[in-house]
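The structure appears right after this line, and notes come after that.
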Amino acid sequence: MTSSISHRPRIVVLCESINAERPAGMDEIEVVADVRWTDAAGLPEAIETAEILLLWDFFSTALRDAWPRARALKWVHVAAAGVDAVLFDEFRDSDVVLTNAHGFFDGPIAEFVLANILAHDKGLHENRALQRAHEWTHRETRRTAGSTALVIGTGGIGRQIARLLRAVGLEVRGAGRRASSGDPDFGTIVSSAALADEVGWADNVVVVAPLTTETRGMIDVGVFDAMKASAHLISVGRGPLIDEGALLQALQSGSIAAASLDVFVEEPLPAANPLWDAPGVTVSAHMSGDVVGWRDGLAEQFIGNVWRWLAGEDLVNVVDKDLGYVARTH
């Protein structure tokens with residue numbers, strides 16, 4: 001999709017609120033484009049003449065309601081890796097190009113996964129509890145090198161996780177849409193349609209698949225029943241990938257040992273949700289990729305693509321709307 005630099009395109013930026021922090025560097029775009037800032041309430045009116053929509057509020061589903069008025073829209077950019085919030089049927093079937101923040105979060109999320117594995121293996125959470133109680137208790141901890149990890153989701157984030165875990169000595173396999181062998185990052189990729197047959201191999205099960213119709217609820221009671229009793233689940237993809245009722249039951253019954261959870265079906269996680277106090281659970285607030293400066297980096301990604309658009313060049317990070325993610329080209 002291209003646009004002529006001879007006219008000023010209209011860019012609408014959807015923020016959580018009109019007073020929300022705005023992406024850095026947009027002033028350079030305002031020299032060559034008409035930029036309008038809006039919240040969800042103002043989107044239906046703002047989008048009528050927009051060619052480009054930046055979903056800075058990347059969890060918003062407001063585009064669905066505004067869609068009938070998006071007659072001039074040619075390109076939507078979601079400032080996140082996951083694009084499930086915009087993949088309603090009318091948008092998926094349209095010619096509007098979709099891009100995302102593919103690649104930006106790969107390294108930070110991989111580090112977050114490794115940190116959680118190390119914290120679990122080395123008993124760091126138990127150390128903190130004992131320190132608070134002023135108890136000196138000598139314990140043995142687990143070796144991380146030589147343990148195993150199944151990474152469910154073989155896109156860019158999953159591959160960076162695999163590379164980092166292998167670098168510290170874990171044996172890693174992937175689970176994706178198609179089984180294969182000889183993969184440069186995973187070695188073996190098993191079919192995600194047969195998870196219950198594969199998860200019993202893994203000490204660590206990392207969930208980072210995109211949320212699609214096919215993957216919603218994929219980590220269900222059958223998968224938990226097939227996991228090792230000593231297994232550690234790390235969830236950094238999207239909350240609805242996991243059946244939270246089945247997860248809670250698995251933790252309470254001892255079917256699995258631990259879960260490091262960064263994403264949930266409902267966010268923020270309600271204070272009354274039993275996962276807060278479930279045995280072996282560590283909760284974080286959907287922050288696995290949010291390192292210092294992340295907003296500036298996301299803005300730079302979008303601005304780079306705007307310049308490509310104005311120059312008539314191909315956009316980067318174009319999402320295959322049928323798959324729900326940026327497809328690998330090699």
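Shown is the FRET efficiency for Glu45 and Gln249, computed with R0 = 45 Å from the Cβ-Cβ distance and rounded to the nearest 0.05: 0.45. Add +1 for every Lys or Arg and -1 for every Asp or Glu among the other residues with Cβ under 11 Å from the Cβ of Asp262, and state the total. After counting each charged neighbour, the total is -1. By the compact-protein rule of thumb, 2.2 N^0.38 Å, the alpha-carbon radius of gyration of the chain corresponds to a ratio of 1.08.
All C-alpha pair distances within segment 234-330, sorted into 10 Å bins from zero, spread as 13, 31, 26, 20, 9, 2 percent across the bins. The alpha-carbon of Lys122 sits under 29 angstrom from the alpha-carbons of these lysines, leaving out residues fewer than 8 places away in its chain: Lys228. Listed by chain and number, the aspartates and glutamates whose alpha-carbon sits under 17 Å from that of Lys321, ignoring those within fewer than 8 places in the same chain, are Asp84, Asp89, Glu90, Asp93, Asp95, Glu214. Extension gain for Arg216 to Glu140 (0.36 nm times residue separation, less C-alpha to C-alpha distance): 23.6 nm. Considering only Asn100, Asn19, Asn116, the mean-square fluctuation computed in a Gaussian network model of the chain, springs between alpha carbons under 10 angstrom, is largest for Asn19. Shown in residue order for segment 44-51 are the 3J(HN,Hα) couplings computed by the Karplus curve 6.51 cos²θ - 1.76 cosθ + 1.60 at θ = phi - 60°: x, 6, 5, 7, 4, 10, 7, 8 Hz (x for Gly and Pro). Taking all Cα-Cα distances within segment 105-283, those exceeding 21 Å account for 46%.
Build a GNM of the chain with springs between Cα atoms under 10 Å: which of Ala272, Ala250, Ala40 gets the top mean-square fluctuation? Result: Ala272 has the largest fluctuation of those listed.
Under a GNM of the chain (C-alpha, springs under 10 Å), which listed residue has the highest mean-square fluctuation: Gly25, Gly169, Gly293? Judging by the Gaussian network model, the answer is Gly293.
Scanning the chain for GluC sites (Glu not before Pro) in DSSP loops with at most 16 neighbouring Cβ atoms within 10 Å leaves 22-134 as the longest stretch between them. Ignoring the sites themselves, the chain has its longest run without trypsin sites (Lys or Arg not before Pro) in a DSSP loop having at most 16 other Cβ atoms within 10 Å at 217-327. Taking all Cα pairs closer than 8 Å and separated by 6 or more residues, the relative contact order of segment 70-114 comes to 48 percent.
The distance between label points at Val168 and Glu266 comes to 3.4 nm (points 7 Å beyond Cα on the Cα→Cβ vector).
Our summary gives the chain a relative contact order of 18 percent, counting only alpha carbon pairs under 8 angstrom and 6 or more residues apart.
Axis of helix 156-167 versus longest Cα principal axis of the chain: the two differ by about 30°, to the nearest ten degrees.
The label point for Gln131 and the one for Asp93, both projected 7 Å from the Cα toward the Cβ, are 5.7 nm apart. Taken over the alpha carbons of segment 45-163 as equal point scatterers, the Debye sum produces base-10 log I(q)/I(0) values at 0.10, 0.16, 0.21, 0.24 Å⁻¹ of -0.53, -0.83, -1.11, -1.28.
Here, each number is a calculation from the coordinates, and none is a lab measurement. Fair warning: this is a prediction, and the values are worked out from it, not measured in the lab. Using ideal geometry, Cβ is built from the backbone for each residue, glycine included, and neighbour counts are taken over all protein chains shown.
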